[in-house]
2 protein chains.
Amino acid sequence: MTGFRHVVLFTWIEGTTTAQVEEVAARLSDLPGVVPEIRAYSLGSDAGVNPGSADFAIVADFDDRDAYLAYRDNPEHRAVVDGMKPLIASRTAVQYEL
Amino acid sequence: MTGFRHVVLFTWIEGTTTAQVEEVAARLSDLPGVVPEIRAYSLGSDAGVNPGSADFAIVADFDDRDAYLAYRDNPEHRAVVDGMKPLIASRTAVQYEL
């Protein structure tokens with residue numbers, strides 16, 4: 001499989017509610033419908049299998065680097081990111097060639 | 001797509017060489033051949049698109065939680081992880097239901 005993958009892991013601030021996370025997940029899940037460059041989009045809360053894990057993951061696949069950059073800078077995506085920011089304690093990301 | 005996804009992001013210690021990372025990548029890439037529970041396995045170095053990204057990502061898919069746990073505790077996997085440890089500055093991971 002060729003392409004370009006964006007992986008981001010978040011931890012939420014103390015007191016973030018399940019409802020808030022579900023709202024974030026719902027808004028993120030809408031993005032494939034409005035950002036045409038998204039080829040695959042997967043997200044979810046940590047399953048609690050290992051201690052010390054982060055809280056939430058997004059894995060997004062694109063045809064190439066430019067398609068990822070279009071997603072990154074897309075106003076619909078930026079709006080969702082801005083909405084998440086108050087909840088984010090930490091963010092770790094990598095983008096890599098598939 | 002159902003299943004269980006393991007996502008881990010690493011940063012390497014100062015002075016880690018490209019050759020060392022390539023050796024890690026090679027040993028990790030061997031795992032699908034010896035760990036039957038792996039359904040999909042993708043890894044790569046950060047493409048340098050965004051400042052502040054981590055250095056390396058692994059995204060591994062399994063049929064379910066138990067299959068992931070078998071991978072996590074598999075001696076072949078443990079040996080590769082032990083070999084990587086001296087190079088790891090930080091590790092962030094999430095496992096989630098697909």
Residue selected from region B:17-58 under the condition β-branched (Val, Ile, Thr) and within 13 Å of residue B:83 (Cβ to Cβ), by the criterion nearest to the other protein chains (Cβ to nearest Cβ): B:21
Out of B:52, B:83, B:44, I need the residue that is in a loop (DSSP other than H, G, I, E, B) and not basic (Lys, Arg). Which one? B:52
Restricting attention to region B:30-58, and to residues there that are touching a residue at least 24 places away in the same chain (Cβ under 8 Å) and within 29 Å of residue A:71 (Cβ to Cβ), which single residue is nearest to the chain's Cα centre (by Cα)? B:58
Here the residues within region A:59-77 that are at the interface with chain B (Cβ under 10 Å from one of its Cβ atoms) and either touching a residue at least 60 places away in the same chain (Cβ under 8 Å) or closer than 24 Å to residue B:6 by Cα (or both) are A:59, A:61, A:65, A:68, A:72
In region B:1-29, anything of a type outside the set (Ser, Thr, Tyr), under 14 Å from the mean Cα position of the chain (by Cα) and assigned to a helix (DSSP H, G or I) is listed as B:21, B:22, B:23, B:24, B:25, B:26, B:27, B:28
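Since every read-out is calculated from the coordinates, none of them should be taken as a lab result. Values in this document were obtained by computation on a predicted structure and should not be read as measured data. Backbone-built Cβ (ideal geometry, glycine too); neighbour counts: all protein chains shown.
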